[in-house]
Amino acid sequence: MMRRRPLLRAAAVGGTAYAVGRSRGRAREQQAQAEDEQDQRISDLEQQQPPPPPAPAQQEPAAPATSPMLDQLNQLAALHQQGVLTDAEFSSAKAKLLGS
């Protein structure tokens, strides 16, 4: 009959658990250190970047043409470009609108 050695088995199991725990602890420490280094590099890069240029002074957009004559000229030009009006019709309508 073979004699079992409970103390030897307990020592082997305990030693293995200790080694695995130590290994995982070291892996966590290395990962935390790598994350800290990455965070440091990112903050260094952010500090190196020049500040964004100041926003240009907002210019007021040009006032849209509100004269009815200009609106009618634009409509005539659009119709001419679409081919609805011939050159002669466009010229006569434009002359009539401008009063010349």
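The values are calculated or read from the model by the stated rules, or taken from the named source; none is laboratory data. Just so we're clear, the structure is a prediction, and the values are computed from it rather than from any experiment. A quick note on method: Cβ atoms are made from the backbone with ideal geometry, for glycine too, and the neighbour counts reach across all protein chains shown.
With respect to being surrounded by 10 or more Cβ atoms within 10 Å (Cβ to Cβ) and at pLDDT 85 or above, A65 falls outside the description. Within the range 73-100, how many residues are surrounded by fewer than 12 Cβ atoms within 10 Å (Cβ to Cβ) and more than 50 Å from the chain's Cα centre (by Cα)? Count: 6.
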